[in-house]
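Trainee: Supplied in structure tokens, the structure appears directly below.
The values are calculated or read from the model by the stated rules, or taken from the named source; none is laboratory data. What you are looking at is a predicted structure, and each value in this text was computed from that prediction instead of being measured. Don't worry about glycine lacking a Cβ; one is built from the backbone with ideal geometry, like all the others, and counts go over all protein chains shown. The protein model used for the area step is the full one, side chains on, heavy atoms only, and it has no ligands, DNA or RNA in it. Shrake-Rupley method; radii C 1.70, N 1.55, O 1.52, S 1.80 Å.
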Amino acid sequence: MASGCQPKQPSSRQENKADTLRPKLEKLAGHLDSVNNIWVADDARYSPDPFLSPESPYATVSIPGDTAVVGLINRKGEIVVPIRYHQISLGFAYGLNNVGIGDKQGLVNEYGQEVVPPVYDYIAMDVEDSLIRIGMNDKYGLIDLQGKVVIPLEYADVKSVGEGMVAVMKEPQRWGIVNLKNETIHPPVFTYTDRFVNGVVTLQKADGEDYLVYANGTVKKK
């Protein structure tokens, strides 16, 4: 009879320790109106929006005014993202929320802590290989999920293509390949991008011919 190992469950002591390490969330005084699916704030300065459904974990809450600011609350009325941004996403992807002040974008985590301050013109949340595309002044790069810059903002476009490889554009429709140290693997001579599989990808040059492009720097005509 087949047998398997069950994953070790954290002890109550470990769970309690993890709880103490989590930042304590400020609570917006009030109560949940379960009929109208909205948090009713005691303080009239705050204007919560309804939860989208009875299962929705988050709702936006704003402080109206000449320059309105918005944040996120959960169904307990806890302020998950501080009420200080001009734009905010309704929820989290990869544990991150896209926030904005003015025309600049940043990222906060599920405890409302800024992982990336709002300094970029553009942040994409279609994460590839745990990397996020960022843009500023029409130049693009990549950051990781902790907000660290992996590929600097120096390219006309950039895209993670798997196996530690990144496609970068230095001129219109001419893509090259760099590694995660931003070291050039192939110069920008290819007309499109695709993902590496087992260390190789098929790409095309302006001559219309297909080439096998290897992660070790080798290029062979197909």
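Trainee: What whole number of Å gives the distance from the Cα centroid of segment 40-106 to the Cα centroid of segment 168-216?
Mentor: Computed from Cα coordinates, the inter-centre distance equals 41 Å.
Trainee: Classify segment 134-205 as rounded, prolate or oblate, taking a ≥ b ≥ c as the square roots of the eigenvalues of its Cα gyration tensor: rounded when a/c is under 1.5, otherwise prolate if a/b is larger than b/c and oblate if not.
Mentor: oblate
Trainee: Then there is this: Would you work out if segment 59-158 is rounded, prolate or oblate? Take a ≥ b ≥ c from the square roots of the eigenvalues of the alpha-carbon gyration tensor; rounded if a/c is under 1.5, else prolate when a/b is larger than b/c, oblate otherwise.
Mentor: oblate
Trainee: Order 162-175, 28-41, 116-129 from most to least packed using the mean count of other Cβ atoms within 10 Å.
Mentor: 162-175, 116-129, 28-41
Trainee: Between Val119 and Ala44, what FRET efficiency follows from the Cβ-Cβ distance if R0 is 30 Å, with the result rounded to 0.05?
Mentor: 0.35
Trainee: For segment 79-218, what does the alpha-carbon gyration tensor say about shape, rounded, prolate or oblate, given a ≥ b ≥ c as the root eigenvalues, a/c under 1.5 as rounded, and a/b over b/c as prolate?
Mentor: Taking the square roots of the gyration eigenvalues as a ≥ b ≥ c, segment 79-218 is prolate.
Trainee: Give me the 1.4 Å probe accessible area per residue for segment 66-222, excluding ligands and nucleic acids, in Å².
Mentor: About 49 Å² of surface per residue is accessible.
Trainee: Counting only protein heavy atoms and a 1.4 Å probe, tell me what percentage of the chain's accessible area is made up of carbon and sulfur.
Mentor: Solvent-exposed carbon and sulfur of the chain make up 50 percent of the total.
Trainee: Measure nothing but the geometry: give the 0 to 90° angle between the long axis through the Cα atoms of 12-21 and the longest principal axis through the Cα atoms of the chain, rounded to 10°.
Mentor: Taking Cα atoms only, the helix is inclined about 90 degrees.
Trainee: Ranked from highest to lowest mean number of other Cβ atoms within 10 Å per residue, what is the order of the peptides 90-101, 189-200?
Mentor: 90-101, 189-200
Trainee: Next question, about the same structure. Note down the net charge around Tyr94, summing +1 for each Lys or Arg and -1 for each Asp or Glu among other residues with Cβ under 14 Å from its Cβ.
Mentor: Every neighbour counted, the sum reads -4.
Trainee: Can you give the helix-only mean residue ellipticity at 222 nm for the chain, where every DSSP H stretch with n ≥ 4 adds -39500 (n - 2.57) and the sum goes over all residues, rounded to the nearest 500 deg cm²/dmol?
Mentor: Theoretical 222 nm ellipticity from helices: -1500 deg cm²/dmol.
Trainee: List, in order, the whole-Hz ³J(HN,Hα) value for each residue of segment 186-203 obtained from phi through the Karplus relation with A = 6.51, B = -1.76, C = 1.60 and θ = phi - 60°; use x for Gly and Pro.
Mentor: After applying 6.51 cos²θ - 1.76 cosθ + 1.60, I find 9, x, x, 10, 9, 8, 7, 10, 7, 8, 6, 9, 6, x, 8, 9, 9, 10 Hz.
Trainee: Follow-up. Give me the dipole magnitude in Debye, nearest 20, for the chain about the Cα centre, with unit charges on the beta carbon: positive for Lys and Arg, negative for Asp and Glu.
Mentor: The calculated dipole for the chain is roughly 660 debye.
Trainee: I would also like to ask the following. Hey, can you grab everything whose amide H is under 5 Å from the amide H of Ser89? Only 5+ residues off in sequence or another chain; H modelled, so Pro and N-termini drop out.
Mentor: Those lying under 5 Å, H to H, from Ser89 are Asn98.
Trainee: Multiplying the sequence separation of Asp33 and Asp103 by 0.36 nm and subtracting their Cα-Cα distance, what value in nm do you get?
Mentor: Going from the current span to full extension adds 21.8 nm.
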